[in-house]
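Engineer: So that we are looking at the same thing, I have put the structure below in structure tokens.
Readers should treat all values here as calculations from the given coordinates under stated rules, not as data from a laboratory. This structure is a prediction, so every number in the text was calculated from the model and none was measured. In this analysis, Cβ positions are derived from the backbone assuming ideal geometry, glycine residues included, and neighbour counts consider all displayed protein chains.
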Amino acid sequence: MGDVQVPDTISTATKTTSEENSGESSKGSNSNQHKCAVCSSFATKCCTGCRDIHYCSQEHQKQDWTRHKMQCSPFILKTSTVFGRHFVASRKLKGTSLILEELPAFCAPRGMVDDFETPLCLSCCSVINELPIDQVGKCSKCGWPVCSLMCEKNDYHSKNECEIFFKSKLAFYPPGYSVYELYKVIEVIRGLLIKDKKPETWKKIMDLQYQTELGSKTLFDDLKSVRKDFKVEDLGTDGEWNRILGVMNVNNFTMAGPRATPSISYEAFLFLKTSMFAHSCAPNCWWGITIFPEFKITVYAAEDIQKGDIITLPYTYLYSAFGTHMRIEFLKRNGDYICRCIRCVTKAELGSYASALKCFNCESGYILPESPTDSNSEWKCEDEECKSVLESRVFDSRIEYLIKKLEDCETVPELHKYIEDNKDVTLHANHWLITEAMETICKGEPSESGSSSEALAEKDKLIQYCEHILKVKNIVAPGISLERGRCYSH
């Protein structure tokens, strides 16, 4: 943040309630309680960059900037009917600039593995798959899965469920629960233990949104039985269990893939501030989380953000490559909300046409959804002279067929043929299934067989594919984004 311009000052009387809540809130709203950060005299002005520090004059604010700029928050909290509580830029932010760094309030493994034959380490969240189940790494105290002595001693496990399961002698794993359900219980236990360990953090967790317009998702129909089976009847109330489940459902960040170890890890995190950034499928910010044991999230600007712009990021990277219908359905199913970001509400996805089918009637137009956020929407040809209509069930069956055809491609030649058969034939050239096929080819190892001219032709084809993918990503994931970075790594 070194060369950030000095923000203006604003009278403390003009601060709104939502702005005062943007960071560490002031003690009360009476400006008489504010003191100048330089001279400690009565302060009537505050920094417009963070609204968190006060001055008696603009001169003292400029004098203090060398010190304060390292802590000055680049965003303030706002509230709207569409986004709820969200952050907006308090000053112009350059692309690649750091927005926020934050440690999790708590985290837990996310049960995305198929069965208990490959359990997740309760500290680093990695899949433990090198040993058979009867020899798998186990905590010497409670007997639950950990992958190393370091993970056994780490506070994520040793200061949470380990103590509880050791005292209750609960063996891994209680029968009758899916892998996903078991690790959700671990997640809730860790969240509930914060109530006594860190009361201030607990208050902030309870202040987070825990249900959406679609209501509150209920994972467990009978919490009393769950608590009895896991021998935690005395930990929290049914209401608190449902509250933590709701908070994590609405606010969690997930990571999946090889990270801390060569093994794949599946992690779920709760970040108190980062969770209040607005979600977008075409975000102006991107994020990354460091590996175990720190698990710190870093949010940075993907492109220039103007003062007053809503700061947006994707809550998960799992669905960003899909077309609107699939993204919205996944987010509804797993996040319990309907996305209404700028990409999802535009028929052509910001002009990318990433979900468009070639019109079966006029063959010159493309079929787009009449109401993009409605999974039952009709799809209509954009050509003014055609206006052919597809019912949602017909559209869904066509896409399911094309997805299955892509999944059946086992070789690079088959993928090439899939692209040739469908690009600008059944699908728009930018359709997500086309870019998915291209990315699959680009990620693979180059062929070593054939003549030098064949090898050169193959490289030329790969370059064409990468350029095409980048053209699409420049629309839906502009700036310094993970999706564009993946393409450059090919």
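Engineer: How many angstrom separate the Cα center of segment 419-433 from the Cα center of segment 251-300?
Structural biologist: 32
Engineer: Going through the cross-link list Lys35/Lys273; Lys273/Lys404; Lys204/Lys231; Lys45/Lys78; Lys153/Lys224; Lys94/Lys273, which pairs have a Cα-Cα distance over 29 Å in this structure?
Structural biologist: Details: Lys35/Lys273 26 Å; Lys273/Lys404 40 Å; Lys204/Lys231 27 Å; Lys45/Lys78 20 Å; Lys153/Lys224 31 Å; Lys94/Lys273 21 Å.
Distance filter (> 29 Å) returns Lys273/Lys404; Lys153/Lys224.
Engineer: Membrane-span-like helices in the chain: DSSP H runs reaching 24 Å or more (Cα, own axis), mean Kyte hydropathy at least 0.0?
Structural biologist: Numbers: long enough: 179-197 (28 Å, 0.41); 452-476 (36 Å, -0.13).
Qualifying helices, which must be both long enough and hydrophobic enough, are 179-197.
Engineer: Report, by chain and number, residues whose modeled amide H sits under 5 Å from the one on Ser265, excluding near sequence neighbours (fewer than 5 apart, same chain).
Structural biologist: Excluding prolines and chain starts, which carry no amide H, the hits are Val127, Gly257, Arg259.
Engineer: Rounded to the nearest 0.05, what FRET efficiency is calculated for Thr254 and Asn361 with R0 set to 51 Å and r the Cβ-Cβ distance?
Structural biologist: Details: r = 42 Å, r/R0 = 0.81.
FRET efficiency, Thr254 to Asn361: 0.75.
Engineer: On to the next question. Only helical DSSP H runs with n ≥ 4 go in: add -39500 (n - 2.57) per run for the chain, normalise by residue count and round the 222 nm mean residue ellipticity to 500 deg cm²/dmol.
Structural biologist: Values: 15 runs with 164 residues, N = 490.
Estimated from H runs of four or more residues: -10000 deg cm²/dmol.
Engineer: What is the gain in length, in nm to one decimal, between Lys197 and Glu384 on full extension, counting 0.36 nm per residue of separation less the C-alpha to C-alpha distance?
Structural biologist: Numbers: separation 187, 0.36 × 187 = 67.32 nm, distance 6.36 nm.
Length difference between fully extended and current span is 61.0 nm.
Engineer: Which of the lysines could a cross-linker span from Lys332 if the Cα-Cα distance has to be under 17 Å and same-chain partners fewer than 8 positions apart are dropped?
Structural biologist: Of all the lysines, those that pass the test against Lys332 - Cα under 17 Å, at least 8 places apart if same chain - are Lys217.
Engineer: Okay, moving on. Going through segment 222-255, which trypsin sites (Lys or Arg not before Pro) have at most 15 other Cβ atoms within 10 Å and a DSSP loop state?
Structural biologist: Working: sites: Lys224, Arg227, Lys228, Lys231, Arg243; in loops: Lys231.
In loop regions of segment 222-255 (DSSP not H, G, I, E or B), the sparsely surrounded trypsin sites (Lys or Arg not before Pro) are Lys231.
Engineer: If R0 is 41 Å, what FRET efficiency do you get for Asp424 and Thr218 from their C-beta distance, rounded to 0.05?
Structural biologist: Working: r = 45 Å, r/R0 = 1.11.
The value I calculate is 0.35.
Engineer: Further question: Does segment 163-210 classify as rounded, prolate or oblate by the C-alpha gyration tensor (a ≥ b ≥ c root eigenvalues; a/c under 1.5 gives rounded; else a/b over b/c gives prolate, otherwise oblate)? Could the numbers behind the result be given before it?
Structural biologist: Working: a/c = 5.23, a/b = 1.65, b/c = 3.18.
Since a/c reaches 1.5 but b/c is at least a/b, the shape of segment 163-210 is classed as oblate.
Engineer: Sticking with this structure for a sec: Measure off 7 Å from each Cα along the Cα-to-Cβ vector at Glu436 and Thr66, then give the distance between these two points in nanometres to one decimal.
Structural biologist: Each label point is offset 7 Å from its Cα along the Cβ direction, giving 5.6 nm.
Engineer: Which entry is the computed Cα Rg over 2.2 N^0.38 Å for this structure: (1) 1.17; (2) 0.95; (3) 1.11?
Structural biologist: After the calculation, the listed value that fits is (3).
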